[in-house]
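Below you'll find the structure, written out as structure tokens, and then a few comments.
The numbers here are math on the coordinates, done by the rules we state, and not lab data. Not measured: the values here are computed from a predicted model. Counting neighbours? That spans all protein chains shown, and the Cβs are built from the backbone with ideal geometry, glycine included.
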Amino acid sequence: MGMVKYSVLALLIMLPFFMQSSIQNTQHKYMERQRTWIEQSIDEASYDAGFALKTYSTYAYDSHNAYHIQIAYQEVIRNFFDSLTMRNFRYTRQDFPLIAFVEYDGIVLYNPQENTLGEKKFYTQQETTHCEYYTLSDKKWVYNYSTGLVTQESAEINHKNSIIMQTIEQELNAYQQNSQEKQRMRFNLPEFEGESSTYVFDDVGIIIFYDPKSYAYLDGIETYRIIPSGIMKMDLAIDL
Amino acid sequence: MIEESLWKIFGLILGVVLIFVAPTIYSYQRQDDIVYNLVMAKTNELSQKIRESGKVNQPMLDELNHILRTSGLTYEVELEHQQKRFSEEDGRMEVYYEGVYTQDIYAWIQANGTYRLSSGDFFYVRVRNTSVTKSQSFRDILDIGGVKSNEIYIVSGGIVRYGNG
């Protein structure tokens, strides 16, 4: 009989651990589902904004030769937020501290909370004798200070990408410094696939920074992290 | 003597819970996860197809319904089409959306065959289970429900990328 008693007592001791483990698994499952839903919603909304960026821009679109493409900023932003609203996504503008437009020749930052657009920061490299202007194409423009002449030269792709990357990072850092919540914000660029960034900056795009702190289940988990949704690639099925 | 019997009965109940009930709940929960992932994948596929082609027709919906039926549960499929419209106010062009919902879309498909969308509209598919899943019913029996809402609720959609509806 003693054995039965001890077995039952052992089981009773173990039971709360089983229950706890089961509850934790369930909580984790719902948390992961919610996270997937949030990420999917933002990815889709970013894609929609990317589509708007391409569709509603003035002039015919050619990502590799788009000097005079006019980004319809408000239309792109509206499409992003409309897309979230229509998915029953509850958000405030505080959840989106920054939206960045990666343009053909520079980067423009948009502050969703204040509804303000910053000035375009061009992809440039300044030297003592000249200044190099880079674009998403494989060409660069060199302005010579002494002669005042502008010449077109071919750009080395990895160097071009590093200049664009530097410009974007500098702008993000400057924005972070000027932000009221600078202690909390970290604007990290999306992790790109592959080791080389040669194919990353070959088209205009949008980077959405999102702070999921206000969501149930996610509360406190990623409070200090802002998730970029990635630079949207414009490889659409239809050639506009 | 009575005490001994009580210990035995108690031990038996605990044994049954641990050997039969717990693994069954666990396996039902895994089944739910598999169904959830399947429904999510198929719902995403349908919404992508609709938004890329700019149209909805019966075969598209039948394909989703067929997959949903194989899961052994019943579902409610909601369709939502937000048509982009423009209005002018004080010399400024305003954008607004006009919603067309499940019943109207189905009625249109019945009458005309294909429901067409325009590029720039929004289209969403929402799928939720209306019958309880096995793990839900098991939890209800044991009254350890916790989550009472739909176990499966998927929303998929976004901007329509092609179409001149």
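Numbers for the structure displayed
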{"quantity": "Highest-fluctuation residue, B:68, B:14, B:117 considered, GNM on chain B with Cα pairs under 10 Å", "calculated": "B:14"}
{"quantity": "Centroid-to-centroid separation of the stretch A:85-108 and the stretch A:2-39 [C-alpha atoms, Å]", "calculated": "39"}
{"quantity": "Inter-chain Cβ neighbour average for residues B:151-159, partner chain, 10 Å", "calculated": "6"}
{"quantity": "GNM top mover of B:128, B:85, B:116 - chain B, alpha-carbon springs below 10 Å", "calculated": "B:85"}
{"quantity": "Folded to 0 to 90 degrees: helix B:102-112 orientation relative to chain B principal axis, Cα", "calculated": "60"}
{"quantity": "At 1.002 mPa s and 20 °C, Stokes D of chain B from Kirkwood alpha-carbon radius, µm² per second", "calculated": "113"}
{"quantity": "Filter on A:29/B:42; B:49/B:84; A:5/A:29 - keep pairs with C-alpha separation over 28 Å", "calculated": "A:5/A:29"}
{"quantity": "Under 19 Å from residue B:134, Cα to Cα: aspartates and glutamates that are on another chain or at least 8 residues apart", "calculated": "B:32, B:33, B:76, B:143, B:151"}
{"quantity": "Residue among B:60, B:93, B:40 with the largest mean-square fluctuation in a Gaussian network model of chain B, springs linking Cα atoms under 10 Å", "calculated": "B:93"}
{"quantity": "For the stretch A:112-136 and the stretch B:1-66, distance of Cα centres in Å", "calculated": "53"}
